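Sharing a structure, written as structure tokens. Questions coming.
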Amino acid sequence: MKRSRIIGISILVLIMGILLVVVNLYIDYNLRKYSVYYAHNMEHKEGTHPEMAMALENMDVIYKPNKKNIRYREDGGFSIYNNFANGEQVIINHDIEEQKSCYIFFDVMYKSYYFDEAFRLEDGYDRLTGHGEIDAKTVDQKALYKDIYKNFSFIVEANVNRKPLINLQKEFNKKYYKRFN
């Protein structure tokens with residue numbers, strides 16, 4: 001009798017442990033897959049762009065629309081290439097190998113812009129003129145973000161209205177509120 005009780009309790013503990021792991025994995029998956037939706041519905045500070053940050057950071061699980069002239073890469077980071085008919089291209093990238101999130105936008109003028117984890121402009125670099133670093137204070141940020149969204153807003157738009165079956169907005173806000181405020 002004692003032995004069967006120990007076996008029963010052991011099986012129950014094992015099942016509870018497995019359920020806990022599955023629930024935690026689902027929560028993490030849900031927060032990542034619907035991160036653009038959650039970011040769109042989260043209060044955030046002006047100058048941050050949580051939707052774009054979440055789209056780039058979670059490209060491996062969000063919906064990626066199949067569009068002409070668009071190429072996705074997921075090797076050592078997540079990148080989206082937008083190729084134009086004249087041979088030029090713009091690229092947006094999330095480097096996952098850095099300790100904190102770093103986003104990079106390469107424009108057609110051979111300039112690269114670096115953004116922090118909240119997708120705020122930190123600095124830039126002019127590769128064509130060789131003048132080196134670009135001070136973020138001298139950049140027309142409104143025009144820069146307009147250019148980024150002109151070329152890559154489709155990834156945000158494709159995911160912003162994809163509502164999750166189980167809404168975990170409160171958990172998303174707990175996890176990311178400080179980052180975007």
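Right, residue 154: modelled with pLDDT of 90 or more, part of a loop (DSSP other than H, G, I, E, B) and either open to solvent by less than 30 Å² (accessible area, probe 1.4 Å) or of a type in the set (Val, Ile, Thr) (or both) or not?
Spelling it out, it is not the case that residue 154 is modelled with pLDDT of 90 or more, part of a loop (DSSP other than H, G, I, E, B) and either open to solvent by less than 30 Å² (accessible area, probe 1.4 Å) or of a type in the set (Val, Ile, Thr) (or both).
Within the bounds of the range 45-52, is there any residue that is among the small types (Gly, Ala, Ser), closer than 19 Å to residue 169 by Cβ and either in contact with a helix residue (DSSP H, G or I) (Cβ under 6 Å, 6 or more places away or on another chain) or touching a residue at least 12 places away in the same chain (Cβ under 8 Å) (or both)?
No.
With respect to residue 29, determine if the residue is within 19 Å of the chain's Cα centre (by Cα), outside any loop (DSSP other than H, G, I, E, B), modelled with pLDDT of 90 or more and surrounded by fewer than 18 Cβ atoms within 10 Å (Cβ to Cβ).
yes
A follow-up question, please. Any chance you could count how many residues in the range 33-76 are surrounded by 12 or more Cβ atoms within 10 Å (Cβ to Cβ) and at positive phi?
Here the count works out to 1.
Just a yes or no: is a residue in the range 74-90 at pLDDT below 85 and in contact with a Gly (Cβ under 6 Å, 6 or more places away or on another chain)?
There is no residue in the range 74-90 that is at pLDDT below 85 and in contact with a Gly (Cβ under 6 Å, 6 or more places away or on another chain).
Filter the range 127-151 down to the residues that are in a helix (DSSP H, G or I) and of a type in the set (A, V, I, L, M), then identify the one that is surrounded by the most Cβ atoms within 10 Å (Cβ to Cβ).
The selected residue is 148.
Could you tell me whether any residue of the range 96-115 is within 24 Å of residue 74 (Cβ to Cβ), part of a loop (DSSP other than H, G, I, E, B) and open to solvent by less than 30 Å² (accessible area, probe 1.4 Å)?
Yes, some residue in the range 96-115 is within 24 Å of residue 74 (Cβ to Cβ), part of a loop (DSSP other than H, G, I, E, B) and open to solvent by less than 30 Å² (accessible area, probe 1.4 Å).
Continuing with this model, one more query. Name, by its number, the condition in (1) more than 12 Å from the chain's Cα centre (by Cα); (2) part of a strand (DSSP E or B) that does not hold for residue 67.
(2) is the only condition that residue 67 fails.
The values are calculated or read from the model by the stated rules, or taken from the named source; none is laboratory data. A quick note: this is a predicted structure, and the numbers were derived from the prediction, not measured. Glycine also receives a Cβ, built like all others from the backbone with ideal geometry; neighbour counts cover every protein chain displayed. Accessible surface areas use protein heavy atoms only, side chains included; no ligands, DNA or RNA. Shrake-Rupley method; radii C 1.70, N 1.55, O 1.52, S 1.80 Å.
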